[in-house]
């Protein structure tokens with residue numbers, strides 16, 4: 001269920017979309033399953049509304065998501081002045097789109113800006129903010145938009161939304177997996193979502209080089225029993241020696257996080273001149289978003305991240 005305030009904002013989004021001529025959908029850099037799934041589902045939604053809509057991402061989405069409908073329609077560049085509406089999905093900090101320099105979006109365009117997210121939205125963010133931190137994923141919010149607009153969820157949209165739900169709940173393992181999430185998942189399967197196919201592509205399709213990288217990650221684990229911290233670090237040399245890519249790291253932190261009595265798990269990976277930190281916890285008393293915030297990052301209570309410049 002959603003609040004009356006959220007329902008009103010969703011209807012305002014529809015009114016603005018009907019007035020828009022060309023709509024651009026963007027998300028955060030290094031897009032994950034929820035980012036890609038919610039963005040492509042929004043494209044389907046807006047097309048059903050009769051609007052011209054495109055999806056653009058500054059980084060190429062993971063190949064594991066290439067099974068999603070309209071994946072090949074995702075653009076890597078665009079001319080922003082050609083769009084009078086921009087929809088940002090699954091993005092807790094607007095500089096994380098990769099196209100904006102700061103989170104306050106001091107830009108002259110677009111005429112309509114809509115933010116759809118389940119992270120904490122900054123109070124100074126301009127535009128229409130459709131956000132709820134209680135949601136499991138951006139995909140869950142997009143599901144409600146379909147329902148409030150009265151647009152049928154076809155099998156393509158169902159697969160996109162299910163991908164977002166599945167990936168951002170850790171395959172329905174995280175504490176964000178509520179009874180409502182299961183009800184939505186069941187409905188999406190009735191509408192044609194193929195959970196088996198999603199699972200095979202995202203979780204089970206590991207390459208030999210990817211498995212080697214997982215082995216390297218696990219081999220380098222360090223544990224501080226007193227603090228309850230588990231950490232591993234992957235360098236560019238590790239990637240080269242394993243013949244793997246950064247995409248192959250997806251999911252390994254969840255395996256690291258299974259070490260008993262762990263309060264927080266850190267996976268650090270070298271990415272050019274930046275060190276990316278991913279943080280997870282299963283401890284009910286730990287909020288890793290606060291840990292990530294120390295390094296300028298953010299996220300959710302149980303899953304968060306940050307980036308640190310190696311030049312500093």
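Couple of notes before you dig in:
- Residue within region 277-288 that is more than 25 Å from residue 207 (Cα to Cα), touching a strand residue (DSSP E or B) at 6+ places or on another chain (Cβ under 9 Å), assigned by TED's automatic domain parsing to the domain that holds residue 218 and part of a helix (DSSP H, G or I) present: yes
- Residue that is nearest to residue 283 (Cα to Cα) [pool: residues in region 176-185 that are modelled with pLDDT of 95 or more and surrounded by 16 or more Cβ atoms within 10 Å (Cβ to Cβ)]: 181
- Residues in region 3-31 that are crowded, with 19+ Cβ neighbours inside 10 Å and under 21 Å from residue 157 (Cα atoms): 10, 13, 17, 23, 24, 25, 26, 27, 28, 31.
- Single residue of 219, 248, 224, 238 found to be in contact with a helix residue (DSSP H, G or I) (Cβ under 6 Å, 6 or more places away or on another chain), over 27 Å from residue 90 (Cβ atoms) and either buried (at least 19 other Cβ atoms within 10 Å of the Cβ) or modelled with pLDDT of 90 or more (or both): 238
- One residue from 207, 166, 171 being in contact (Cβ under 8 Å) with a residue 12 or more places away in the chain and at positive phi: 171
- Failed item in (1) closer than 25 Å to residue 180 by Cα; (2) touching a strand residue (DSSP E or B) at 6+ places or on another chain (Cβ under 6 Å), with residue 24 passing the rest: (1)
- Which numbered condition residue 40 misses (of (1) part of a loop (DSSP other than H, G, I, E, B); (2) surrounded by 15 or more Cβ atoms within 10 Å (Cβ to Cβ)): (1)
- When 165, 213, 188, 141 are checked against the criterion of being surrounded by 23 or more Cβ atoms within 10 Å (Cβ to Cβ), in contact with a helix residue (DSSP H, G or I) (Cβ under 9 Å, 6 or more places away or on another chain) and in the same structural domain as residue 242 (by TED's automatic domain parsing), a single residue qualifies: 213.
Yes or no, residue by residue, for (1) modelled with pLDDT under 90; (2) exposed (fewer than 13 other Cβ atoms within 10 Å of the Cβ):
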{"residue": "273", "(1), (2)": "yes, yes"}
{"residue": "277", "(1), (2)": "no, no"}
{"residue": "282", "(1), (2)": "yes, no"}
{"residue": "287", "(1), (2)": "no, no"}
{"residue": "297", "(1), (2)": "yes, no"}
{"residue": "302", "(1), (2)": "yes, no"}
{"residue": "305", "(1), (2)": "yes, no"}
{"residue": "309", "(1), (2)": "yes, yes"}
{"residue": "312", "(1), (2)": "yes, yes"}
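- Just one of (1) over 27 Å from residue 296 (Cβ atoms); (2) modelled with pLDDT under 95; (3) over 14 Å from the mean Cα position of the chain (by Cα); (4) part of a loop (DSSP other than H, G, I, E, B) fails for residue 151. It is (2).
- Test: residue in region 230-237 that is outside any strand (DSSP E or B), under 23 Å from residue 133 (Cα atoms) and touching a strand residue (DSSP E or B) at 6+ places or on another chain (Cβ under 7 Å): no
- Here the condition is being surrounded by 13 or more Cβ atoms within 10 Å (Cβ to Cβ), modelled with pLDDT under 95 and either assigned to a loop (DSSP other than H, G, I, E, B) or touching a helix residue (DSSP H, G or I) at 6+ places or on another chain (Cβ under 6 Å) (or both); of 253, 202, it holds for 202 alone.
- Any hit, region 168-175, residues being out of contact with any strand residue (DSSP E or B) (no Cβ under 7 Å at 6 or more places or on another chain), assigned to a helix (DSSP H, G or I) and modelled with pLDDT under 95: yes
The values are calculated or read from the model by the stated rules, or taken from the named source; none is laboratory data. Being a predicted model, the structure only gives us computed values, none of them experimental. Backbone-built Cβ (ideal geometry, glycine too); neighbour counts: all protein chains shown.
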